[in-house]
1. Net charge within 12 Å of residue 214 by Cβ-Cβ distance, Lys/Arg positive one each and Asp/Glu negative one each, not counting residue 214 itself?
2. Within the chain, what percent of beta bridges assigned by DSSP are antiparallel, to the nearest 5?
3. Per the helix-only calculation at 222 nm, which mean residue ellipticity applies to the chain, given -39500 (n - 2.57) for every DSSP H run of n ≥ 4 and division by its residues, nearest 500 deg cm²/dmol?
4. What is the range 33-106 by shape, rounded, prolate or oblate, if you read a ≥ b ≥ c off the alpha carbon gyration tensor as root eigenvalues and call it rounded for a/c under 1.5, prolate for a/b larger than b/c, and oblate otherwise?
5. How many Å³ per residue does the convex hull of the Cα positions in the range 96-228 occupy?
6. By the gyration tensor of its Cα atoms, with a ≥ b ≥ c the square roots of the eigenvalues, what is the shape of the range 142-209: rounded for a/c under 1.5, prolate for a/b over b/c, or oblate?
7. Using the Cα atoms of the range 45-85 to build a convex hull, what is its mean projected area in square nanometres?
8. What nm value, rounded to one decimal, do you get for the distance between residue 19 and residue 76 when each label is placed 7 Å out toward the C-beta?
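A short reminder: the numbers here are calculations on the coordinates, not readings from a lab. What you are looking at is a predicted structure, and each value in this text was computed from that prediction instead of being measured. Don't worry about glycine lacking a Cβ; one is built from the backbone with ideal geometry, like all the others, and counts go over all protein chains shown.
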Amino acid sequence: MDAIQIENVSKVYRIGAVETHALNGVSLTMAEGEFTALVGPSGSGKTTLLQLIGCLDKPDQGAVKIKGKDVTHLSANQRADLRRKEIGFIFQFFALVPVLNAYENVELPLLLNSVKPGERRERVMELLKAVGLVDRAKHRPDQMSGGEQQRVAIARALAPHPLMVLADEPTANLDTENGRQAMEIMQRLNQETGTAFIFATHDPRVVAYAKRVIKLRDGRVDSNGATA
């Protein structure tokens, strides 16, 4: 079974009388464990597609299925439950909780999932070790570099053993070396855990690491630019 099925999905944003067609009849599937980049110019629909896959929004037409379950018509609470258990997020601006240290930021999704204290500690330390930040566990975001903050965000996204991690421009605020480190860590964790990583990106550094590239243009999949 495919992990993700997108079936004839369309999405229109309306501001007053102005309509913007972000996606137009997009259909595609993604398997478990993919390491995939969604690419295309600004306005191509890649971030909108990422938001629909992440159950942050709903399509106007079509269906989004995760592990065979149609999530299109789930309630807000049901979508939140699904995100908490199955989907990790990595953001361009890291989105760490500023008053929490690295350990506490990684622990947060486990608290939300009511994981027992002993299991939480074991999982958090395992992930901090995996991203090379055990020695920064007690540091808050304002005490860490951008590269370190993004590595904390990677660990946090993986904390609940999600089906997939969605990353929107994950290297946009990183220099070349930190961007390389972040991509190599995600690549390694993808291989070790089997968690799918799906990136929306303009960055050729990200595309170079992807096993699959899906090119979007004008809200549609560009069949001339997609690679398996």
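1. Charge balance near residue 214 sits at +4.
2. Of the beta bridges lying entirely in the chain, close to 50 percent run antiparallel.
3. One gets -11000 deg cm²/dmol as the mean residue ellipticity at 222 nm.
4. Cα axes put the range 33-106 in the oblate bin.
5. Working: hull volume 16.3 nm³, N = 133.
Spread over its residues, the Cα hull of the range 96-228 gives 123 Å³ apiece.
6. Note, shape of the range 142-209 comes out oblate.
7. Taking a quarter of the hull surface, the average projection is 2.9 nm².
8. Going by the 7 Å Cα→Cβ label model, 2.6 nm.
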